[in-house]
Amino acid sequence: MWRLVQTQYKYALQDGVYATQKREEEWQNEITAVRLQYAADVTSLMSTIEELKRMKHEMPMMSDANNQALSHADDATKIAEINAEKVELLSAELCRVKALLDSNVELKSNESTELMKELKSESQSFAADDTHPFLDFSGRRFRIGRIGNEKVIIVMTGLGMLNSGLATELLLSLFEVKAVVHFGIAGNANPHFQIGDVVIPHYSAHTGLWNWQRYGDGPDDELAFEANGDYTRKIGYLKISDYANGTENEKSLDNLLNNVWYQPEEIFPVNGIPEVRQHAFLVPVDKRFYSLAEKLENMTLERCVNSTTCLPRAPMVVRVEKGSSANVLVDNAAYRNFLYSKFNITTIDMESAAVALVCLQQRTPFIIFRSLSDLAGGGSSQSNEADIFAPLAAQNAVDVVLRFIALL
C-alpha cells in the first residue's frame, strides 16, 4: 500500500515538474517576445525622436519660407493693384492724347489748306500746281514732282563751288531729302574716254584749295600755318617750273611762282562735335548707288549732234575712280595732264565737289553723273569741242540719270 502511494506521489510530482517547466518555457517565450517587441518599439521610438528633431530644426525655416511667401503674395497683390491703377490712368491718358491728336490733325489740315490758299493768293514764292508745283527761295527755284515712282525735287545749282554748295545746303535744309543725285557736263582729263561719255566718279575732290609756297622753299620745308594743323603736305603739290617753256643747259628755268600744295577741305559734320573740324579731300559717293550704277553701263546713248556731225564712236556709261572740281574752267592741256597723272582725275568741273562736301557734312547719300563735253585743253586753238557737243553731252547725262532713278 505504501509502495502504491509512493508510486502515485512520484508520478504526481513528475507531472508537476513537467507542468512547471512548460509554464517556464512559455514565460521565457513571452519574455523573449516582449523583449523583441520592446527592442522594435525602442527603434521606432528613436526614429520618431530623430524625425521630431529634424522637424523641430526645419520648422523655423518653413516658418520663414511661409512668411516670405506670404510677404511676396502681399507685394504681388499690391503691385497688381498699382498696375491696375496705372493701366486705368494710361488708358484715360491714351484716350485724351488720341482725341488731342485727332484735333491737331484736323487743325493742321485746315492750316495747311489755308496756308496753300495764302501762298497761292499772296506770294509768288510757292506755286501750288497739281502737276508741277515749285518753291522759289533765296534765288533758287525748287521744282517738285515725280520721276517714275520716286518723289523728286529739282534745283539748278548755278556756276561754281559757292553756288552749288549753297543750293545743296538749301535743298537739304528746306526739304526732307533721302539722297542727292547731281548731274551735268564736265571737261575730260582722261585720254581713254571721249566726248559724250557719261562718267560716274567713285570719289570727288576739291582741287582748288591751295597753300601757295613762298619762293625759295621746297618740298622739305614746312608750309605756312602747317604747324597749326591748318595745312598739310600729304596730298601733293604742283611745281610750276616743271611746265616752263624756257630751258637753260637742258634744265627747266626756275619760276617765281614756285609750288602750290593741294589741301583738304574742313567740314563740320552734323553728327560731330560743334566747332571740331574734320578734313576731307577725296569724298566717296554712296556705296549702294555706285554699285547700282553698274547696271547703266550697257545703255545706248546719243552719238550725233545732227546728220553730219557725229562722234567717232557711240558714247558709253562708265564708272571711274575720281573726279575733281575747282573754281577754275580748265582749258589747258598741261594742267589737264597734271591732274590725270598726279591724282588719276577723269572729270574736271566747277560744282561736283561742293555738292559732295555738303552731303558729307550733312551725312546724306549722293551720287554724281557727269557727261564729258570736251577734252580739257584739247583740240586746236581755233575750236572748242564744248561749243559743238555740250548739248549732246547734257542730254546724255539726263538720259542716264532718268534710267538710274528708275532703278531705285
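The values are calculated or read from the model by the stated rules, or taken from the named source; none is laboratory data. These figures come from a predicted structure and were not determined experimentally. In this analysis, Cβ positions are derived from the backbone assuming ideal geometry, glycine residues included, and neighbour counts consider all displayed protein chains.
See the values below:
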| read-out | value |
| --- | --- |
| Leu339 vs. criteria modelled with pLDDT of 95 or more and assigned by TED's automatic domain parsing to the domain that holds Ile200 | yes |
| Lone qualifier among Val355, Val330 - being at pLDDT 95 or above and β-branched (Val, Ile, Thr) | Val355 |
| Test: Gly165 is assigned to a strand (DSSP E or B), at pLDDT 90 or above, closer than 25 Å to Leu402 by Cα and of a type in the set (Gly, Ala, Ser) | no |
| Residue in the range 214-235 that is within 18 Å of Leu339 (Cα to Cα) and either modelled with pLDDT under 95 or of a type in the set (Phe, Trp, Tyr) (or both) present | no |
| Options Ser341, Ser307; residue that is over 29 Å from the mean Cα position of the chain (by Cα), without any contact (Cβ under 8 Å) to a residue 60 or more places away in the chain and part of a helix (DSSP H, G or I) | Ser341 |
